[in-house]
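Every read-out reported here was derived from the displayed coordinates using simple, explicitly stated rules and does not represent laboratory data. None of the values given here were measured: they were computed from a predicted structure. FYI the Cβ positions are ideal-geometry reconstructions off the backbone, even for glycines, and counts take in every protein chain you see.
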């Protein structure tokens, strides 16, 4: 059986307004636990830090600006497992002067 040739296809990150709105709503509706006993960070994430971070994500983070920056890099969808794109990998051109790609696995749903 012959294997399929690897496909490398450029892609742009485009997260829908609906997805971003849903994420913001979920963050704002978070039901917070009590802070874990003991020193902050001793048993996990510091609760106040996490609240500030998520407040920024929900109310101050400019996803569209980040999306524009990420899309300037040159990203590619690679069928690394030869499975018609069901196990995608993101690759982008290196920006350090060396030839090749930087690769990141992405979970697909």
Item to check | Calculated FRET efficiency for the pair residue 65/residue 21, C-beta based, R₀ 22 Å, to 0.05 | outcome: 0.85
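As an exercise, use a Förster radius of 25 Å and the Cβ-Cβ distance of residue 46 and residue 72 to find the FRET efficiency, rounded to the nearest 0.05.
On the way: r = 34 Å, r/R0 = 1.36.
Efficiency at R0 = 25 Å is approximately 0.15.
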Next on the checklist: Can you compute the FRET efficiency between residue 13 and residue 39 using 1/(1 + (r/R0)^6), with r the Cβ-Cβ distance and R0 = 41 Å? Round to the nearest 0.05.
Outcome noted: 0.60
Next on the checklist: Expected output is a single nm value to one decimal: the length gained when fully extending between residue 57 and residue 31, i.e. 0.36 nm times separation in residues minus the C-alpha distance. What is it?
Outcome noted: 7.8 nm
